[in-house]
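To start, the structure under review is shown below, and the notes come after it.
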Amino acid sequence: MRFLSLARTHARMAARQRAVWIVSLLLALLSLGTTLNEGLAYETGDVADLVFLAQVLAMLPPVAYAAAFTDLAAEPERLGISEVEASAPVRAAELTAARVTGALCVMALPSAALLLFCAGGQMLHGNAWAALQAVVLFVGVVLPAALVAAALSALAGSLLPKAVARIAAIAAWLGALFALSFHAVPVDGGGGFQVHVAADPICQAFFGSRPFLDYQGPAASATPLEALALLVLKFAVAAALLAVAGAIARRRTYRRR
């Protein structure tokens, strides 16, 4: 219960950034709008539509998270909040986890709500497992992307002034997104390459998605073991970035003192 109380407190603090979570909501709705050509996810019973929506939610709304979390590591040190927290009978790792969890619960709520709403529509169209599928897609696809974007934002905020950090964090997220989600495929016959959007390994391994969302050619799908290993790696990278951001923020604060 102590962890939940801490996370709830940080969620209230994050909710005060109304402009940011409104932008997050708008980006979530924009993600839904990108499926117009294929049919909205709640209008069918095909899990492929839900999967596609989850993958778009893992690309667009994290732009808002990259802008929102620049204070995640820097502000507690700058305001001395970390010293107050350090005097509490709570481990430092638990405090950090509560801070991240509370803030993400607010920022990622529009994406989670949209997935569950579309899952409800799919259940009405005969997909009895849609709600469970939506939860798995949120935890395995949307949440890792949100956490990585937040960690990049926290790292930028610990190194740079806030205004510059937000721009740098957004640029870093877009760079990471392009590097991980867009792959060049050689063109048969004519030479050269075409860039295609890669499907998330979780979607490939557990939901039967093609390796590339916009490419029908031959390509090996990720195995369940590979997908789970990459999922663990994403969480580990995010945790490492947050730890580095916290260490840099503490060092910069002590130097100023």
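The values are calculated or read from the model by the stated rules, or taken from the named source; none is laboratory data. In this text, all values refer to a predicted model and were calculated from it rather than measured experimentally. Backbone-built Cβ (ideal geometry, glycine too); neighbour counts: all protein chains shown. With ligands, DNA and RNA removed, areas are computed over all heavy atoms of the protein, side chains included. Shrake-Rupley method; radii C 1.70, N 1.55, O 1.52, S 1.80 Å.
Just a few scattered comments:
- Additional length obtainable on full extension of the chain from Val164 to Ala247, 0.36 nm per residue less Cα span: 27.9 nm
- Approximate spin-label separation Met13-Leu116, in nm, with each point projected 7 Å along Cα-to-Cβ: 2.5 nm
- Note that region 125-241 presents 52 Å² accessible area per residue, ligands and nucleic acids not counted, probe 1.4 Å.
- For region 114-257, a Kirkwood radius taken over Cα pairs fed into Stokes-Einstein (25 °C, viscosity 0.890 mPa s) yields D = 139 µm²/s.
- Label-to-label distance, Leu26 versus Val139, with points set 7 angstrom from Cα along the beta-carbon direction: 3.3 nm.
- On full extension, the segment bounded by Ala220 and Ala171 gains 14.6 nm, given 0.36 nm per residue less the C-alpha separation.
- When each of the peptides 193-201, 231-239, 107-115, 149-157 is scored by the mean number of other C-beta atoms lying within 10 Å of its residues, the order from highest to lowest reads 149-157, 107-115, 193-201, 231-239.
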